Amino acid sequence: MRRSKCLNLCFFLFVIIPIQLLWAQDKPETDEQANLTISTGKNGVSCSKSIQNCIIQVSQPRCQPIPGTVTITNNSRIYANNIQASSSNGYFTQYVIQNNGCPPSLAPGASCSISFITNTPAIAFLVQNIMVKGTNTNATFFDMQAVACPIQQAILSVTPTSVNLITGGPSKSVTVTNTGNIPAQNVHATVAPTPPINLIVSSNCPALLQPGASCQVTFTPDDLPGNTTATISGANTANTVTVRINVSLPPTTTLSVPATAVIPSDDSVGVIIPVTNLTAVPAHNVMLNLPPSWTGVTATTCPVIPGNGVCYITVTTSGFFNVYVAQGGILVTGDNVTSPPSMALAFSAFNYLVYEVTGSPALNFTVVSDTDINSNYEWSINLSNIIGINQDSTNPPDFCNGNSDGACDTLQIVEQEPNDTAAKLCDQITIDNSGLVPEGTWYLPASCQLGKLTIGLPNATDALCAPNTPNIATNLYSLGFLSEFLGNKYWSSTQYTPATSNAFYQEFFPNNQSTSGAFFKLSQLHVRCVRVFATV
């Protein structure tokens, strides 16, 4: 009996209990969670909600070919089941499409990816704390930034959007530009059927107008006046542009402008020129036709001047040394203007008119003073000969080119003649409209700098001026400037060779005429000085 009890106890201790221990060791823990980590794939660093280091960017595939992606890794000893990305955010549920590459059960140590794109091109948004979790895993989080993807479309812009034509007159064009991001197909213009106007429409627009490219649509009038519109569009354009077209009868409008105007180089405001419509008919597209060589000089325009109305054109230059020699005959034109009026334009610096420019753009320019320094003064009170400043003096061998270098003439007069002279009045100027200046800045102009010979006028005397020598009379007075010179004689710094007791002057007559002459040095005439503004 005792032996039977021992056998039963030994069987339980050495057989049953070890089997139960082995069975318990192999049985899985059904309540254990799989541990997940995620990364964005850019650097492999795991995301941490606490430091918010995980954000992906998403958009539509055409704007972001590689979708925003998170990589999930199972860092546990058990399988992770049914891994999903989810958020209650409305942007996420409505606009985000995900591609879940995770298997139903992700093995321990394995990784999988979930990628995301948006289903709308025009919305940008941020979704925070998107949860990644399986049915038996922990939860981990990342953020998502959605980037708007511009809508692909062709958009047209047209310049100008108003065209004024004259019956039987020249054609006019508008420029069509594709400001969209895809080619515009079959760009064309359609003229409204009513009212009926005989317009010929032509175009150089290609079948595909590329983004950023331009083409022209041209309108040619016939003999029928009236107002209409043309619609410019393309087969796939997101918009249409309407162009207003006015076809008028031959010009019947007359304008009036001032005879002269001065453009200040030292004032960014420029000069304002009134343009008056002398008729009851509106004037269209009125503009000042500046010389093409005047680069850097701009003028505003008047799209419409009402009947008997006034418009103001502002003319400015781009810098102090951006000046030019005055010109006359500058037309003010308009689409329906008869006999366009003309005017003369000059430049000034510190209210001094420019009469000579050297270089283009100007390296230096010469101006004439805005007032006489004296209106009743002798050339000199000493009739002695000043060497090297005659009209036939040339350097070398003489001191000066006597008829064309007033600065040199003035220096010789001051050095050789101790008494007061007209030249010394200019040489001793030490303050002008620009501020303080050293002596010698201003000088008495030579005869050919002041003017030239005009045969047939009283007392005309030839100073032997070279053709096209820049001078005050030609470049300013003959154009209508310096009207105060009329009827007066002005001393030059050039001495008269046949009789050195005489010197040259310039006399100014009506009708913008003038001539050089020679006069006794003791005569009392007007004195007007000049100076140079130089870049070096």
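Readers should treat all values here as calculations from the given coordinates under stated rules, not as data from a laboratory. Note that this is a predicted model, so its numbers are computed, not measured. Here the Cβ positions follow ideal geometry from the backbone for every residue, glycine too, while neighbour counts run over all protein chains shown.
So here's what we get for this one:
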quantity	calculated
For residue 198, net neighbour charge (Lys/Arg +1, Asp/Glu -1) across residues whose Cβ lies under 13 Å away	-2
Rg over Rh, two decimals, the stretch 156-248 (C-alpha only, Kirkwood Rh)	0.99
Using θ = phi - 60° and Karplus 6.51 cos²θ - 1.76 cosθ + 1.60, couplings along the stretch 195-208 (whole Hz; Gly, Pro as x)	x, x, 10, 7, 10, 9, 10, 10, 8, 10, 6, x, 4, 10
Calculated from backbone phi, Karplus (6.51, -1.76, 1.60) coupling profile of the stretch 68-84 in Hz, x at Gly/Pro	x, 9, 10, 10, 10, 10, 8, 9, 10, 8, 10, 5, 9, 10, 6, 6, 9
Shape of the stretch 460-528, Cα gyration tensor, a/c cut at 1.5	oblate
Nitroxide proxy distance, nm - points 7 Å out along Cα→Cβ at residue 381 and residue 173	7.2 nm
Unit charges at the beta carbon, dipole of the stretch 305-442: most positive-side option, 413, 305, 385	305
Top positive-direction residue, dipole computed over the chain with Cβ charges, set 331, 63, 92	92
Neighbour-count order for 205, 63, fewest beta carbons within 10 angstrom listed first	63, 205
Point-to-point label distance, residue 511-residue 135, nm (Cα→Cβ direction, 7 Å offset)	11.3 nm
Total charge dipole magnitude, the chain, about the Cα centre, Cβ charges on Lys, Arg, Asp, Glu only, Debye to nearest 20	3960 debye
Stretch gain in nm, segment residue 252-residue 208, where the contour uses 0.36 nm per residue and the Cα spacing is subtracted	11.6 nm
Sites excluded, trypsin sites (Lys or Arg not before Pro) in DSSP loops with at most 15 other C-beta within 10 Å, longest stretch of the chain	78-536
Derived scalar couplings ³J(HN,Hα) [the stretch 217-228; Karplus, 6.51 cos²θ - 1.76 cosθ + 1.60; whole Hz; x for Gly, Pro]	10, 10, 10, 10, x, 10, 10, 10, x, x, 10, 8
Distance in nm between pseudo-label sites at residue 153 and residue 433 (7 Å out along the Cβ direction from Cα)	5.5 nm
Whole-angstrom Cα spans of the stretch 50-108 along principal axes, big to small	40, 27, 22
Global geometry of the stretch 218-345, whether rounded, prolate or oblate, following the gyration tensor of its Cα atoms and the 1.5 cut on a/c	oblate
For the chain: lysine pairs under 19 Å (alpha-carbon distance), excluding those fewer than 8 apart on one chain	5
Helix 17-26 vs. the chain, principal-axis angle (Cα, 0 to 90°, nearest 10)	20 degrees
Diffusion coefficient, µm² s⁻¹, Stokes-Einstein with Kirkwood Rh over alpha-carbon pairs of the stretch 281-363 at 4 °C and 1.567 mPa s	92 µm²/s
Reciprocal mean inverse distance between Cα atoms of the chain - Kirkwood radius, Å	32.3 Å
Helix axis angle, 406-416 relative to the chain longest principal axis, alpha carbon, degrees	50 degrees
Gyration tensor over alpha-carbon atoms, the stretch 367-531, equivalent ellipsoid semi-axes in Å	21, 19, 15
Length added when fully stretched, residue 419-residue 395, from 0.36 nm per residue minus Cα-Cα	6.1 nm
Net lengthening on full extension, residue 534/residue 499 (0.36 nm per residue, minus Cα-Cα)	9.0 nm
Positive-end residue, the chain charge dipole about Cα centroid, Cβ charges, pick of 283, 136, 509	136
